[in-house]
């Protein structure tokens, strides 16, 4: 069974004022070892270029780089895997393209979707949003911790919790059954005083998060 680190860091250029490569370098410096390259607005070319730029750093650090949504980009870049939404290719289609050795994850937002995911070859199943989230334009309804607890009782593979998870909420989500926590906005804290050169302290935020989840 796939072993996931407790932090599943997700990139977001819009929240950070950084390039994808800069974000990944800072996530790695903070200690993240599972990173999802995510940019809903990027073209396939832009995402592919970003993946190719980031992979040398993740490989050197012994980290995994997962591509959000785009199976074609994951294949062409030779990334470590892909994360699928409910509107993307199916797990079976992605597996046929990527082969047996790549990591495939899938998002689920209800019990029915979770049960359906159990019948696939997905290496991990994401559940959420656990809490309200601001990183999606049209987020699915909040499922809370109850769906996560129910899923854990029958899960045969790692569960990733996502949606509104921050440093303060991390422990209760792990206690509810999550094997890994997918985190976006909480990893990009901006300084209180802003100027034209301001950027969030990604390295410090990742380190602080890892301190919380490893206590």
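The values are calculated or read from the model by the stated rules, or taken from the named source; none is laboratory data. Computed from a predicted model, the values in this text were never measured in an experiment. With ideal geometry, Cβ positions are generated from the backbone for all residues, glycine too; neighbour counts draw on all protein chains shown.
For segment 41-80, name all the residues that are farther than 25 Å from residue 121 by Cα and outside any helix (DSSP H, G or I). Across segment 41-80, the qualifying residues are 41, 42, 43. Mind checking whether some residue in segment 89-97 is modelled with pLDDT of 95 or more and part of a loop (DSSP other than H, G, I, E, B)? Checked segment 89-97: at least one residue is modelled with pLDDT of 95 or more and part of a loop (DSSP other than H, G, I, E, B). Only one of (1) over 22 Å from residue 84 (Cβ atoms); (2) buried (at least 20 other Cβ atoms within 10 Å of the Cβ); (3) in contact with a strand residue (DSSP E or B) (Cβ under 9 Å, 6 or more places away or on another chain) fails for residue 117. Which number is that? All conditions pass for residue 117, except number (1).
Listed by first and then second residue, the pairs with beta-carbon distance under 9 Å, at least 6 apart or on different chains, first residue in segment 183-199 and on the phi > 0 side of the Ramachandran plot and modelled with pLDDT of 85 or more, second assigned to a loop (DSSP other than H, G, I, E, B) and surrounded by fewer than 10 Cβ atoms within 10 Å (Cβ to Cβ), form an empty list.
On inspection, residue 83 fails the criterion of being within 17 Å of the chain's Cα centre (by Cα), part of a loop (DSSP other than H, G, I, E, B) and either modelled with pLDDT of 95 or more or more than 26 Å from residue 14 (Cα to Cα) (or both). The number of residues in segment 179-198 that are under 20 Å from residue 134 (Cβ atoms) and either surrounded by 15 or more Cβ atoms within 10 Å (Cβ to Cβ) or touching a strand residue (DSSP E or B) at 6+ places or on another chain (Cβ under 8 Å) (or both) comes to 9. I'd like the residue in segment 1-13 that is more than 15 Å from residue 182 (Cα to Cα) and within 16 Å of the chain's Cα centre (by Cα) and, out of all such residues, is surrounded by the most Cβ atoms within 10 Å (Cβ to Cβ). Here the residue is 13.
Checking 36, 20 one by one, the residue that is farther than 22 Å from residue 128 by Cβ and crowded, with 19+ Cβ neighbours inside 10 Å is 20 and no other. Residue count for segment 58-88, restricted to those that are out of contact with any strand residue (DSSP E or B) (no Cβ under 9 Å at 6 or more places or on another chain) and touching a residue at least 12 places away in the same chain (Cβ under 8 Å): 5. Just to be sure, is residue 127 surrounded by fewer than 15 Cβ atoms within 10 Å (Cβ to Cβ) and either modelled with pLDDT of 95 or more or at positive phi (or both)? No: the conditions fail for residue 127.
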